[in-house]
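Asks: After the structure tokens below, expect a handful of questions from me.
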Amino acid sequence: GAGVGRFRDETRGVLTQDAVTAAAHFAGLEPSSIVIKNLDGSGQPDISIEPDRYLYPASMLKTPLALAAYSQIADGKLHLDDRFNVGAGVLTTTDGPTPLVLGYSASVEQLIELMITCSDNVATNMLYDILGRENATSIVQQRYGLLHTAFYRKLSGGDPLIVDPGWDRVHRNAHSAGDAARTFELIATDAVPYADTLRAVLSRQNHNDKLSRGLRAGDRFAHKTGSTDEVTHDGGLLDTAQGRSYVVVVYVGIPSNEGNDARFAPFMKAIRPSL
């Protein structure tokens, strides 16, 4: 429409921060925290709009948790085929069917796959226990510089919230849009253990109703989404049909619902001509 064309004309082939801000306003994605980073050295300047703004990360937190798990595997402290039984302390509702019922035995590899591709909350809570939330936080902060990322409370798929004796009842989970962009960049550039595996898992994402709907034929988006009744997010690694590569992360402080999630598509359609 005319709105999309307006952003295309303003950018003159180079995406600007003003154009991204205008596209977010046009699409109704406010308040937002947005990072777009070029990975192929083609000259597109990085765009960073309030990257450290605190917005509850929701399931975006699952990507750095997977990174922490693969780091423990690389250290020899955990193995992909190690198996753990589902206990009562991790059970909560999750989006869609899950094999993770009480007593089920799951491998670490399966837990990571379910956590990322299906955004499985039970798998996430099991990895909280397997890794230890303080240990996982230390790994991502000290090794990878994700200073706005921390694992505090197990995830709940709805009310009632999960009973979590390990939570300090003070802090909320944290993973800023800036840290999410940093995480995806590390994965893209093979700067973390099992980067190729992480890219493959992210590429199998089942939730593709946000930024993905604004992409063009031939584009590939290996990504993760986050959704609660207060936030809606999407972010990952975009490889365009023209051979360009980007990190794109969009956090928004509005409830995730069908109408609000649909706002990501016009935003992506507005900026995509300049990517």
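The values are calculated or read from the model by the stated rules, or taken from the named source; none is laboratory data. Predicted model only: the values in this text are computed from it and were never measured. Because the Cβ atoms are built from the backbone with ideal geometry, glycine has one as well, and the counts that use them run over all protein chains shown. Protein only, heavy atoms only, side chains kept; ligands, DNA and RNA dropped before computing areas. Shrake-Rupley method; radii C 1.70, N 1.55, O 1.52, S 1.80 Å.
Asks: Among the numbered criteria (1) surrounded by 19 or more Cβ atoms within 10 Å (Cβ to Cβ); (2) out of contact with any Leu (no Cβ under 6 Å at 6 or more places or on another chain), which single criterion is violated by GLY103?
Replies: Status for GLY103: all satisfied but (1).
Asks: Could you please find all residues in the range 177-203 being in contact with a strand residue (DSSP E or B) (Cβ under 7 Å, 6 or more places away or on another chain) and either open to solvent by 50 Å² or more (accessible area, probe 1.4 Å) or more than 23 Å from GLY218 (Cβ to Cβ) (or both)?
Replies: Across the range 177-203, the qualifying residues are ALA177, GLY178, ASP179, ALA180, ALA181, ARG199, SER203.
Asks: Also: From the list THR124, THR137, THR117, which residue is touching a strand residue (DSSP E or B) at 6+ places or on another chain (Cβ under 6 Å) and closer than 22 Å to ALA180 by Cα?
Replies: THR137 is the lone residue from the list that is touching a strand residue (DSSP E or B) at 6+ places or on another chain (Cβ under 6 Å) and closer than 22 Å to ALA180 by Cα.
Asks: State whether one or more residues within the range 106-123 are open to solvent by 40 Å² or more (accessible area, probe 1.4 Å) and of a type outside the set (D, E, K, R).
Replies: yes
Asks: Out of (1) without any contact (Cβ under 8 Å) to a residue 40 or more places away in the chain; (2) closer than 30 Å to ILE49 by Cβ; (3) under 17 Å from the mean Cα position of the chain (by Cα); (4) surrounded by 14 or more Cβ atoms within 10 Å (Cβ to Cβ), what's the single condition that is false for GLY145?
Replies: So GLY145 meets the others, but not (4).
Asks: Another question, then. Within the range 248-266, can you find the residues that are assigned to a strand (DSSP E or B) and touching a Leu at 6+ places or on another chain (Cβ under 6 Å)?
Replies: Of everything in the range 248-266, those that are assigned to a strand (DSSP E or B) and touching a Leu at 6+ places or on another chain (Cβ under 6 Å) turn out to be VAL248, TYR251, VAL252.
Asks: Okay, next question. Tell me whether the range 58-74 contains one or more residues that are more than 30 Å from GLY132 (Cβ to Cβ) and either at pLDDT below 95 or of a type in the set (A, V, I, L, M) (or both).
Replies: no
Asks: Within the range 204-213, how many residues are open to solvent by less than 70 Å² (accessible area, probe 1.4 Å) and assigned to a helix (DSSP H, G or I)?
Replies: Qualifying residue count for the region: 2.
Asks: Among residues belonging to the range 226-273 that are of a type in the set (Ser, Thr, Tyr) and open to solvent by less than 10 Å² (accessible area, probe 1.4 Å), point out the one that is nearest to THR124 (Cα to Cα). I'd like the intermediate steps shown before the answer.
Replies: Filtering the range 226-273 for residues of a type in the set (Ser, Thr, Tyr) gives 227-228, 232, 240, 245-246, 251, 256.
Right, trim to open to solvent by less than 10 Å² (accessible area, probe 1.4 Å) and you get 232, 240, 246, 251.
Working: THR232: 19, THR240: 30, TYR246: 27, TYR251: 20 Å.
The selected residue is THR232.
Asks: I need a count of the residues in the range 33-43 that are in contact with a Lys or Arg (Cβ under 8 Å, 6 or more places away or on another chain) and either farther than 22 Å from HIS233 by Cα or surrounded by 19 or more Cβ atoms within 10 Å (Cβ to Cβ) (or both).
Replies: Here is the first cut: in the range 33-43, the ones in contact with a Lys or Arg (Cβ under 8 Å, 6 or more places away or on another chain) are 33, 38, 40, 42.
After this cut, where a residue has to be either farther than 22 Å from HIS233 by Cα or surrounded by 19 or more Cβ atoms within 10 Å (Cβ to Cβ) (or both) as well, the list is 33, 40, 42.
Summing the residues that are in contact with a Lys or Arg (Cβ under 8 Å, 6 or more places away or on another chain) and either farther than 22 Å from HIS233 by Cα or surrounded by 19 or more Cβ atoms within 10 Å (Cβ to Cβ) (or both) in the range 33-43 gives 3.
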